[in-house]
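A short write-up of the structure that comes next.
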Amino acid sequence: MSKSIELVIEPKARDLGGFSVRRVLPSRERRMVGPFIFFDHMGPAEFPPNEGIQVRPHPHIGLATVTYLFEGEIIHRDSLGYVQPIQARAVNLMTAGRGIVHSERAGEDLHTTSRLHGIQSWMALPTENEECEPDFAHYPADELPEFEHDGVAVRVILGEAYGYCSPVPTQVSTLYLECSMPQGSALSLPTDFDEIAVYVVSGDVHVGGQQVVAGLMAVACPGKAVLLSATADSHVMVIGGANMGERHIWWNLVSSSRERIEQAKQDWQNKRFDAVPGEEEFIPLPDS
């Protein structure tokens with residue numbers, strides 16, 4: 001392991017009913033990176049005509065979700081009444097707080113073959129805001145800053161880096177970048193974050209001198225400067241931010257309190273969460 005890399009995480013495959021995702025966080029080796037407590041790489045998946053992603057209504061507490069697509073479209077519906085298509089490189093920010101329910105389904109046009117590829121991530125909320133009112137906001141792709149830095153195309157999805165700031169609000173120090181690195185390019189990562197990690201979507205990158213290939217996440221040692229060097233054309237995501245302390249996660253529920261998760265489980269089982277308008281399906285609690 002290089003002096004600037006603490007560990008490398010290999011994701012686990014998970015089936016989401018019709019297509020597979022690679023779950024990076026939480027992992028056995030590492031539960032969180034900054035506020036990021038969940039990080040799924042979805043696809044790339046190809047669906048035949050009249051098929052597509054169908055994630056039925058499910059609850060969340062104590063977190064904020066960010067859906068970020070490279071390809072495809074997902075229709076978001078939630079218990080606040082929002083219906084929002086999300087398309088490539090736009091951001092849906094859903095703050096669950098004390099509780100929200102949402103579904104994620106394929107776009108309306110299913111008569112042709114469709115593709116889906118992107119990242120689904122959750123961020124833990126600070127303890128004082130875990131029970132805030134739920135909220136939803138959408139940011140079109142053209143509102144996110146995109147620029148070239150040292151020959152690398154960078155988009156700031158969340159937070160601030162290299163003098164550019166995302167319009168998407170965060171409740172704690174947070175960094176989320178998308179980087180397109182041509183072969184031979186190099187990028188020094190920001191150093192003013194408690195924790196930082198690099199996920200390679202495609203390509204081949206040296207992180208602090210250590211090779212990290214597509215599908216792996218390298219977590220940096222705290223306080224260490226990290227240099228990314230692309231040995232092939234590479235697509236890289238950078239996440240990080242403030243250390244949040246311990247969080248518990250069970251199914252879609254996140255909290256600093258195990259008792260709060262138990263309460264949410266009972267609330268869902270007894271249908272005390274608000275419903276998504278027009279959605280009648282109900283997912284029972286998982287067995288474990």
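The values are calculated or read from the model by the stated rules, or taken from the named source; none is laboratory data. Here the structure is a predicted model, which means the values were calculated and not measured. Here the Cβ positions follow ideal geometry from the backbone for every residue, glycine too, while neighbour counts run over all protein chains shown.
Before moving on, here are some points about what is shown:
- Residue match in the range 140-155 (condition: surrounded by fewer than 16 Cβ atoms within 10 Å (Cβ to Cβ) and touching a residue at least 60 places away in the same chain (Cβ under 8 Å)): no
- Residues in the range 203-232 that are aliphatic (A, V, I, L, M), in a loop (DSSP other than H, G, I, E, B) and either in contact (Cβ under 8 Å) with a residue 24 or more places away in the chain or more than 21 Å from GLU29 (Cα to Cα) (or both): LEU216, ALA225, VAL226, ALA232.
- Test: residue in the range 52-73 that is over 30 Å from ASP274 (Cβ atoms), surrounded by fewer than 21 Cβ atoms within 10 Å (Cβ to Cβ) and modelled with pLDDT of 95 or more: yes
- Identity of the residue in the range 203-223, within 14 Å of HIS235 (Cβ to Cβ) and surrounded by fewer than 16 Cβ atoms within 10 Å (Cβ to Cβ), that ends up nearest to the chain's Cα centre (by Cα): GLY215
- Per-region count, the range 142-177, residues outside any loop (DSSP other than H, G, I, E, B), of a type in the set (Val, Ile, Thr) and either in contact with a Lys or Arg (Cβ under 7 Å, 6 or more places away or on another chain) or closer than 13 Å to GLY34 by Cβ (or both): 1
- Only one of the numbered conditions (1) among the hydroxyl-bearing types (Ser, Thr, Tyr); (2) crowded, with 20+ Cβ neighbours inside 10 Å; (3) closer than 30 Å to ILE261 by Cβ is not met by THR170, and that is (2).
- Matching residues, the range 164-192, being in contact with a strand residue (DSSP E or B) (Cβ under 8 Å, 6 or more places away or on another chain) and of a type in the set (D, E, K, R): GLU178
- Test: GLU195 is in contact with a strand residue (DSSP E or B) (Cβ under 8 Å, 6 or more places away or on another chain) and of a type in the set (Asp, Glu): yes
- Residue that is farthest from PRO182 (Cα to Cα) [pool: residues in the range 237-273 that are in a strand (DSSP E or B) and in contact with a Ser or Thr (Cβ under 8 Å, 6 or more places away or on another chain)]: HIS248
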